[in-house]
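Engineer: My questions all concern the structure below.
The values are calculated or read from the model by the stated rules, or taken from the named source; none is laboratory data. Predicted model only: the values in this text are computed from it and were never measured. Neighbour counts are summed over all protein chains in view; Cβ atoms, including those assigned to glycine, are modelled from backbone coordinates with ideal geometry.
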Amino acid sequence: MDVRRDFPILASNDMAFLDSAASSQKPEVVIEAMDTMLRSGYANVHRGAYRLSGEATDAYEAARAKVATFIGASSPREVIFTRGTTTAMNMLAAKWGGDRLVPGDNVVLSVMEHHANLVPWQFLKGVELRFANLTDDYALDVNSLRNRVDERTRIISITGMSNVLGTITPIDQIRAVADTVGATVIVDGAQLVPHLPVNVETLGADFLAFSAHKMLGPTGIGVLWGRMELLDEMDPFEGGGEMIDEVGLFESTWAPVPHKFEAGTPPIVEAIGLGAAVDYLTDLGMDAVRKHDAELTAYALEQLATVSHVTVYGPTDLNIRGGTISFTLGDIHPHDLSTILDENGIAVRAGHHCARPLMDHLGIPATARASFSVYSSSDEIDRLVAGLELAAKLFGIAS
C-alpha cells in the first residue's frame, strides 16, 4: 500500500513509525480539510440563523453521515460524537450500566481489556465484574466467557481487537452467548474500526465505540454507535446546551437522538477531520487495509522469529490477529529497549499499554509494541529487526 507520501510528517522525517495503535499519523487531506474549515468555513453549528452557521452545520452533519455509512449504520442518528472511546465507554458504564444495574448483577469483560473498558465499570457499586480468560494462543476463550455468564449477567463488554496482543475477538460468538441470557453486547472498537471492515448491522454488537485519532483523524473526537431503540431509552450523560428540548427552572426535557448526547459546543473542526479520514479510508478500501495489515504482520512475525531471545505475545493464527505485535527481548526492560530503538530512528511503544491487568496475567511488567497502519512498510520492520539485534549486542545477549 504505497500511501506514505500522503502523510507530511513521514515525508519530512526519516523514521520508522511503529506506534499507530497509540495514535495514527494524519494524511494531508485530513489536515487540509480542518485547515479549510478553520480558515473559511467555521461557525458554531445548529444555532445560527446566518449562512455561515448553516453551512457549518451542513458540513458537521455530513461528517456524521459519512461515519454512519462507513460502519454500516442504518441511520446517521445512531452516530453520536464523543471526545473519544474513553468518553463513550464512561457514558455507557454510567448511563446504560449505572442507571439499570442493581447490586448482584454482573458485567462480563476479558482479562485483556484496555483500562477504558475496565475502570468505568469499576465505578458501579455492588455490581460484580467477571473476566473471561485467554486460550494458550492468546485468543479469547469463548468457553471461559460462557462459564462467566449467568442469569444476572446484564452486559458483556469486550474489545474488538486487543491493543496489546492484536487479538481479534469473535463478536458473533459473544453475541450468541449474550443472547442466552438477554445481555447487552458492547464492543470497544478503538483498534477494530481503523483496521477491519465493520458493519454494525451484522457485527453483533448493541453499542460500538471508537476514536478518530486511531483511524487517521484528529484527536478530541470519537464515536459511540448504538441501536436506535437503545439510544432512545438511554438518558443523557451530560447536561447543558444543545441536548435539551424544553428547559424550566426545575426540570427539562431532552432533544432527540443524537443531540441529547452531545451537550455543549461539539468538536466541529474535528468532525470535519474525521469525515475526511473516513473518505480517505473508504477510497483505500477497508478490505485492502486489512490485507495490508495481515501481510505486514505475517512478515513482522517471520522476521522477529530470526532474532534470538525475542518473545512475541499474541495469536499465531493470522486470521484472528491485527497489526499489533507486543514483544520482549531477553531481560532488557522495554523502556530501555525503546530508548535504544528511538536513538536509531525507530518509534515503538513501551509499557503496560493501559492494560496492566493483562500484564499481570502474562506475568510480565511491560512489553515493547510495534503497531502498523496504512502507511507502514516492510522496510520499517527490517529497521526494527536490525535495531533489536543492535540492542541485543549492546546488552550482551546476542546469540
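Engineer: Return yes or no: is T180 more than 22 Å from D99 (Cβ to Cβ) and not aliphatic (A, V, I, L, M)?
Structural biologist: For T180, the condition - more than 22 Å from D99 (Cβ to Cβ) and not aliphatic (A, V, I, L, M) - is met.
Engineer: Test I364 against the stated conditions and say whether it is over 27 Å from the mean Cα position of the chain (by Cα) and assigned to a loop (DSSP other than H, G, I, E, B).
Structural biologist: Criteria not met by I364.
Engineer: Could you check how many residues of segment 367-399 are outside any helix (DSSP H, G or I), modelled with pLDDT of 95 or more and either closer than 29 Å to D6 by Cα or of a type in the set (G, A, S) (or both)?
Structural biologist: Residues in segment 367-399 being outside any helix (DSSP H, G or I), modelled with pLDDT of 95 or more and either closer than 29 Å to D6 by Cα or of a type in the set (G, A, S) (or both): 10 in total.
Engineer: Can you say whether T328 is in contact with a helix residue (DSSP H, G or I) (Cβ under 8 Å, 6 or more places away or on another chain), buried (at least 18 other Cβ atoms within 10 Å of the Cβ) and among the hydroxyl-bearing types (S, T, Y), as far as the supplied structure shows?
Structural biologist: So T328 fits the description; yes.
Engineer: When only residues in segment 8-18 that are part of a loop (DSSP other than H, G, I, E, B) and not small (G, A, S) count, which is nearest to A212 (Cα to Cα)?
Structural biologist: Checked segment 8-18; the qualifying residue nearest to A212 (Cα to Cα) is L18.
Engineer: Additional query: Does M89 count as modelled with pLDDT of 95 or more, within 22 Å of the chain's Cα centre (by Cα), crowded, with 24+ Cβ neighbours inside 10 Å and in a loop (DSSP other than H, G, I, E, B)?
Structural biologist: Judged against the criteria, M89 is not a match.
Engineer: Go through segment 169-235 and tell me which helices (runs of 4 or more DSSP H), entirely inside it, have 2 or more residues that are within 20 Å of P76 (Cα to Cα).
Structural biologist: Here the list reads 200-203, 228-233.
Engineer: Can you report the number of residues in segment 19-71 which are in a helix (DSSP H, G or I) and either aromatic (F, W, Y) or within 23 Å of K260 (Cβ to Cβ) (or both)?
Structural biologist: Residues meeting the conditions: 18.
Engineer: If you don't mind, another one. Can you report the number of residues in segment 207-229 which are surrounded by fewer than 24 Cβ atoms within 10 Å (Cβ to Cβ) and touching a helix residue (DSSP H, G or I) at 6+ places or on another chain (Cβ under 8 Å)?
Structural biologist: 5
Engineer: For segment 127-141, state whether one or more residues are free of Cβ contacts under 8 Å to residues at least 12 places away in the same chain and out of contact with any strand residue (DSSP E or B) (no Cβ under 7 Å at 6 or more places or on another chain).
Structural biologist: yes
Engineer: Of A368, A391, A350, which residue is buried (at least 18 other Cβ atoms within 10 Å of the Cβ), in contact with a helix residue (DSSP H, G or I) (Cβ under 7 Å, 6 or more places away or on another chain) and without any contact (Cβ under 8 Å) to a residue 24 or more places away in the chain?
Structural biologist: Matching residue, one of A368, A391, A350: A350.
Engineer: Now for a separate question. Which is crowded, with 19+ Cβ neighbours inside 10 Å, out of contact with any Pro (no Cβ under 7 Å at 6 or more places or on another chain) and under 24 Å from S74 (Cα atoms), of G275, G285?
Structural biologist: Result: G275 is the single residue among G275, G285 that is crowded, with 19+ Cβ neighbours inside 10 Å, out of contact with any Pro (no Cβ under 7 Å at 6 or more places or on another chain) and under 24 Å from S74 (Cα atoms).
Engineer: Let me ask something additional. Of the residues T311, T306, which single one is at pLDDT 95 or above, under 25 Å from I168 (Cβ atoms) and hydroxyl-bearing (S, T, Y)?
Structural biologist: Residue meeting the stated conditions: T311.
Engineer: Follow-up question, since we're still on this one. Out of (1) surrounded by 15 or more Cβ atoms within 10 Å (Cβ to Cβ); (2) more than 27 Å from D14 (Cβ to Cβ), what's the single condition that is false for N319?
Structural biologist: (1)
Engineer: Could you list, ordered by first residue, the pairs with Cβ atoms under 9 Å in which the first is in segment 66-78 and in contact (Cβ under 8 Å) with a residue 24 or more places away in the chain and closer than 14 Å to G204 by Cα and the second is surrounded by fewer than 22 Cβ atoms within 10 Å (Cβ to Cβ) and of a type in the set (V, I, T), at least 6 apart or interchain?
Structural biologist: If the second residue must be surrounded by fewer than 22 Cβ atoms within 10 Å (Cβ to Cβ) and of a type in the set (V, I, T), the pairs left are G72/T202.
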